[in-house]
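The values are calculated or read from the model by the stated rules, or taken from the named source; none is laboratory data. What you are looking at is a predicted structure, and each value in this text was computed from that prediction instead of being measured. Cβ coordinates were reconstructed from backbone atoms using ideal geometry, including for glycine residues, and neighbour counts include every protein chain displayed.
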Amino acid sequence: MDISTTTDAPPPTPSRPTTAEGKRTARGATRPGDRIFLGLSRGSGILLLVIMAAIAVFLTYRAALAIGKDHGSFLTTFEWNTNVLPPTFGIAVLAFGTIVSSVIAMAIAVPVAVAIALFITHYAPRRMSGPVAYVIDLLAAVPSIVYGLWGALVLVPHMNGLYGWLNDFFGWTGVFSWQEGAPRSMLTVGILLSIMILPIITNVSREVFRQVPQMHEEAALALGATRWEVIRMSVLPFGRSGVISASMLGLGRALGETMAVATVLSPSFDIQASLLDPGGGTFAQNIASKFSEANEFGRDALIASGLVLFVITLVVNGAARVIIARRSEYSGANA
Amino acid sequence: MAKRIDVSGLTAYYGSHKAIEDISMTVEPRSVTAFIGPSGCGKSTFLRTLNRMHEVTPGGRVEGKVLLDDEDLYGTGIDPVAVRREVGMVFQRPNPFPTMSIFDNVAAGLRLNGNYKKSELNDVVEKSLKGANLWNEVKDRLNKPGSGLSGGQQQRLCIARAIAVEPKVLLMDEPCSALDPISTLAIEDLIGELKERFTIVIVTHNMQQAARVSDRTAFFNLAAVGQPGRLIEIDDTERIFSNPSVQATEDYISGRFG
């Protein structure tokens, strides 16, 4: 069986002589079922675009109202005072905190998730891979507030050992120095986020690894590759773009995670040089903790910060697409 | 250097299903042996037992002996990975590594083995591509992906990849069944050249192909669906196609089968 015959476009249908009714007959009669489905799918597509455009317009409009009256510099101010006159606020701390916590989460979650996915698809005996995959799925079903409570009540008190160790051995770098404060810092947030985004990355990677064609793995095996070499030569390259997509889904969740961060972090409007010292904040956490007490103007300012998160997410996704597209001629899809 | 294969009493299973039963044969070094027979008769399964690829399939297991010269491939302490480095394989569908360049595809086996020099690598890749009659077509685009080649070129790339590690035996599982007649002819010519250096075993559904390329031909058949496949006879190709000693062989090659 040659796969190219199945992926080729179907040969153009021979056009019938055009009648007075024009192009409709050239493509054959349209049936009611086709028309209804066409209307449904086209309508859904347009609706999606309209909703996205409406969100963008709403965010931009409300944000513009607030930014116009900002006394500080919106991008660089280390303050969030929207109830005073003149109002001074900026997103520098939030952008820093959001990106740092997400980067920590990705650095922990992606390798672990890929390893779990490889274990489930290529190492575990069949009897075991099912239950392991099921448990990972369960992790995805836990509400984020539960993660937040667990993080605050269990994870935070248990971080002291790790923090002390990091401070002893890597404290000299400045990034891992610790002032003995409660470990409600970016590192703890990042670790908690990594657990939360683990299931989505694992599940998508697992599906990708499972779809590696048998013939690519056999190609490596027949050359005398060990199991790890098969994974390195066939499975990982084939799954690469899928793993990137999976990571982006996880990153999206980490960037936008609200309740868990708000429950664990002890926020402040400054940037801590050390990942171990409490303080800082993220976009979503800041919105959640300030929104209920904010006045009309304060809400507009928070919406402006939400718009920045929106833009960051777009940029990250765009970058991922570029990475995937740049080597597409080498991708497994060409096989 | 090419080695002799000596199979005795080989039976292979998929789980509890017996796929082939009690096969014994000898394959001479530097010769081409073709396996023919109806679909499902176990010729591909048998081929895959010769480099221990059969056991990769879940539930796959083998009884019996396969001697490569004097070494039993299924002996205790034999590493299947080492076996596959000695016995190369070319598959039905061309399967170059899609994420690797043409050069890297050919070099893949060498890099697995670990001990090579950079200058050596270039020579081996060139020699292997020349050996697979592909060098002239790809020498200007060695760093382009192998998946960009035509089907016939991809299959010759896979052959170059297999011979780059200097195996003792080359197994080919219907290597031309996904190719057009011109590419098929190119592969058949290549097989004729390769048998100077390797022991070649080829599974084919195309009896003219078996007659054209092989020195010896083995006919496999199965008594009924669900029954294990058996070796009916193996003999010089000329004799199999002119005057086989078993009636079933004659029925099959003359098209009176089933």
Worksheet item: Which condition number in (1) in a strand (DSSP E or B); (2) touching a helix residue (DSSP H, G or I) at 6+ places or on another chain (Cβ under 8 Å); (3) closer than 28 Å to residue B:252 by Cβ is the one that residue B:88 fails?
Response: (3)
Worksheet item: What single numbered condition from (1) over 17 Å from residue A:310 (Cβ atoms); (2) in contact with a Phe, Trp or Tyr (Cβ under 8 Å, 6 or more places away or on another chain) fails to hold for residue A:74?
Response: (1)
Practice prompt. Collect the residues in the range B:102-120 that are at pLDDT 90 or above and more than 8 Å from chain A (Cβ to nearest Cβ), keeping them in residue-number order.
Written response: B:102, B:103, B:104, B:105, B:106, B:107
Practice prompt. Report the residue count in the range A:168-188 for those that are in contact with an Asp or Glu (Cβ under 9 Å, 6 or more places away or on another chain) and assigned to a helix (DSSP H, G or I).
Written response: 1
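Within the range B:42-58, take every residue that is without any contact (Cβ under 8 Å) to a residue 60 or more places away in the chain and either acidic (Asp, Glu) or more than 10 Å from chain A (Cβ to nearest Cβ) (or both) and give me the one that is surrounded by the most Cβ atoms within 10 Å (Cβ to Cβ).
Filtering the range B:42-58 down to residues without any contact (Cβ under 8 Å) to a residue 60 or more places away in the chain leaves B:49, B:52-58.
From the residues that got through so far, the ones that are either acidic (Asp, Glu) or more than 10 Å from chain A (Cβ to nearest Cβ) (or both) too are B:49, B:54-55.
Numbers: B:49: 27, B:54: 21, B:55: 15.
The qualifying residue surrounded by the most Cβ atoms within 10 Å (Cβ to Cβ) is B:49.
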Worksheet item: Which one is surrounded by the fewest Cβ atoms within 10 Å (Cβ to Cβ) among residues in the range A:83-101 that are in a helix (DSSP H, G or I) and touching a helix residue (DSSP H, G or I) at 6+ places or on another chain (Cβ under 6 Å)?
Response: A:100
Discussion item. I want to confirm something. Restricting to the range B:59-79 and keeping residues that are surrounded by fewer than 18 Cβ atoms within 10 Å (Cβ to Cβ) and in contact (Cβ under 8 Å) with a residue 24 or more places away in the chain, which single residue is nearest to the other protein chains (Cβ to nearest Cβ)?
Written reply: B:59
Discussion item. Checking residue B:93 against (1) in a loop (DSSP other than H, G, I, E, B); (2) at pLDDT 90 or above; (3) more than 13 Å from the chain's Cα centre (by Cα), only one condition comes out false. Which one?
Written reply: (3)
Worksheet item: Mind checking which pairs have a first residue in the range A:217-229 that is farther than 16 Å from residue B:165 by Cα and a second that is among the hydrophobic types (A, V, I, L, M, F, W, C) and part of a loop (DSSP other than H, G, I, E, B), Cβ under 7 Å, 6 or more apart or different chains?
Response: A:218/B:53; A:218/B:91
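Quick check, is residue A:107 of a type in the set (Gly, Ala, Ser), farther than 28 Å from residue A:303 by Cβ and within 20 Å of the chain's Cα centre (by Cα)? Step through it out loud before you land on a result.
Details: of a type in the set (Gly, Ala, Ser): yes; farther than 28 Å from residue A:303 by Cβ: yes; within 20 Å of the chain's Cα centre (by Cα): yes.
In short, yes.
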Worksheet, complete the sentence: Flagged in the range B:138-152 as free of Cβ contacts under 8 Å to residues at least 24 places away in the same chain and buried (at least 16 other Cβ atoms within 10 Å of the Cβ), in numbering order, are B:148
Response to the item:
Wholly inside the range B:123-212, helices (runs of 4 or more DSSP H) that include 1 or more residues that are of a type outside the set (A, V, I, L, M) and within 14 Å of another protein chain (Cβ to nearest Cβ) are B:151-163, B:181-194
